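First up is the structure itself, then whatever we jot down about it.
The values are calculated or read from the model by the stated rules, or taken from the named source; none is laboratory data. The structure presented is a predicted model; accordingly, all values stated were derived computationally and were not measured. Here the Cβ is made from the backbone with ideal geometry for all residues, glycine too, and neighbour counts use every protein chain on show.
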Amino acid sequence: MSELVKVRKISTQVEEIFHEGGPARTDPILRGSIVAVIDNPYAGAYVEDITPLMEGLKPLGLKLATQLIKALGGDASKITSYGKGAIVGEDGELEHGATWHVAGGYAMREALGEAFAIVPSSKKVGGLGATLEIPISHKDASYVRSHFDAMQIGVPDGPRRNEIVFALVMTTGGRVHARLGGLGADEISKFDGLR
């Protein structure tokens with residue numbers, strides 16, 4: 001891993017969703033997040049070229065994607081949806097969170113083996129204990145309505161002023177009681193990331 005990437009901690013959360021008031025599933029949908037809290041090498045000063053961090057984060061992205069798949073049962077073919085995000089501590093800038101676009105997105109695609117849709121994302125600058133809603137959509141077709149969702153991430157002791165929290169989210173299904181029509185996951189046909 002790059003000398004620019006100093007990890008303080010990694011945290012994983014997995015939810016088993018059986019129902020939301022409707023009929024209970026026997027096989028729950030799994031929804032998981034993994035976050036890494038790292039030092040922000042650019043905190044406190046404007047640095048023109050921040051692409052070295054973007055490059056340096058690639059091994060961390062792959063590590064997190066692989067660990068999250070394992071936490072969700074270990075079978076990459078069962079992952080249907082994903083998203084990514086970042087919370088930058090107060091001494092950083094929003095653009096520092098954007099360094100995760102390539103490192104997080106391509107890592108999930110590589111770990112999953114096949115994923116065509118753009119990885120939805122969100123980012124913000126926030127203080128200690130800040131949370132972030134990460135949008136989620138189907139990994140192969142952005143228009144699959146049943147998989148539009150979000151998951152909140154955060155760590156109680158981060159990001160500190162000079163840190164960044166980077167996160168990945170994956171699920172094994174859409175919303176547990178999705179029933180509003182639109183393109184179904186079983187109707188994906190173009191494999192262009194849209195439909």
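Quick check on region 123-156: of everything there that is touching a helix residue (DSSP H, G or I) at 6+ places or on another chain (Cβ under 9 Å) and more than 15 Å from THR171 (Cα to Cα), which residue is surrounded by the fewest Cβ atoms within 10 Å (Cβ to Cβ)? The qualifying residue surrounded by the fewest Cβ atoms within 10 Å (Cβ to Cβ) is LYS124.
Just checking, which of GLY85, GLY32 is closer than 19 Å to ASP140 by Cβ and crowded, with 21+ Cβ neighbours inside 10 Å? Before you say what the answer is, go through the steps one by one.
On the way: GLY85 fails: closer than 19 Å to ASP140 by Cβ.
Matching residue, one of GLY85, GLY32: GLY32.
Taking first residues from region 33-51 that are among the aromatic types (Phe, Trp, Tyr) and modelled with pLDDT of 95 or more and partners that are surrounded by fewer than 22 Cβ atoms within 10 Å (Cβ to Cβ) and in a loop (DSSP other than H, G, I, E, B), the Cβ contacts under 8 Å between residues at least 6 apart in sequence or on separate chains come to TYR42/ILE50; TYR42/GLU93; TYR46/GLU93.
Of the listed requirements (1) farther than 28 Å from GLY44 by Cβ; (2) part of a strand (DSSP E or B), PHE191 misses just one: (2). Note on region 91-116: residues that are buried (at least 21 other Cβ atoms within 10 Å of the Cβ) and either among the hydrophobic types (A, V, I, L, M, F, W, C) or not in a loop (DSSP other than H, G, I, E, B) (or both) amount to 10.
So is VAL119 out of contact with any strand residue (DSSP E or B) (no Cβ under 8 Å at 6 or more places or on another chain), closer than 20 Å to ASP192 by Cα and either surrounded by 23 or more Cβ atoms within 10 Å (Cβ to Cβ) or β-branched (Val, Ile, Thr) (or both) or not? Please lay out each step first, then the result.
On the way: out of contact with any strand residue (DSSP E or B) (no Cβ under 8 Å at 6 or more places or on another chain): no; closer than 20 Å to ASP192 by Cα: yes; either surrounded by 23 or more Cβ atoms within 10 Å (Cβ to Cβ) or β-branched (Val, Ile, Thr) (or both): yes.
Taking the combined requirement at face value, the residue does not satisfy it.
Checked against the criterion of being more than 14 Å from the chain's Cα centre (by Cα), surrounded by fewer than 18 Cβ atoms within 10 Å (Cβ to Cβ) and over 18 Å from LYS78 (Cα atoms), region 160-176 contains one or more residues that satisfy it. Contact map, region 155-172: residues that are in a loop (DSSP other than H, G, I, E, B) paired with residues that are of a type in the set (S, T, N, Q), Cβ distance under 8 Å, separation 6+ or inter-chain. Pairs shown: PRO159/ASN40; ASN162/ASN40; THR172/THR80. In this structure, is ALA150 in a strand (DSSP E or B), within 18 Å of the chain's Cα centre (by Cα) and over 23 Å from LEU57 (Cα atoms)? When the stated conditions are applied, ALA150 passes them.
Taking the conditions exactly as written (at negative phi and touching a helix residue (DSSP H, G or I) at 6+ places or on another chain (Cβ under 6 Å)), does THR80 satisfy them or not? Answer is no for this residue. Filtered by the rule that a residue be under 12 Å from VAL176 (Cβ atoms), of a type in the set (A, V, I, L, M, F, W, C) and surrounded by 15 or more Cβ atoms within 10 Å (Cβ to Cβ), region 1-29 gives ILE17, ILE29.
Considered as a group, the residues in region 81-130 that are hydroxyl-bearing (Ser, Thr, Tyr) and free of Cβ contacts under 8 Å to residues at least 40 places away in the same chain include one that is farthest from ALA43 (Cα to Cα), and that residue is SER121.
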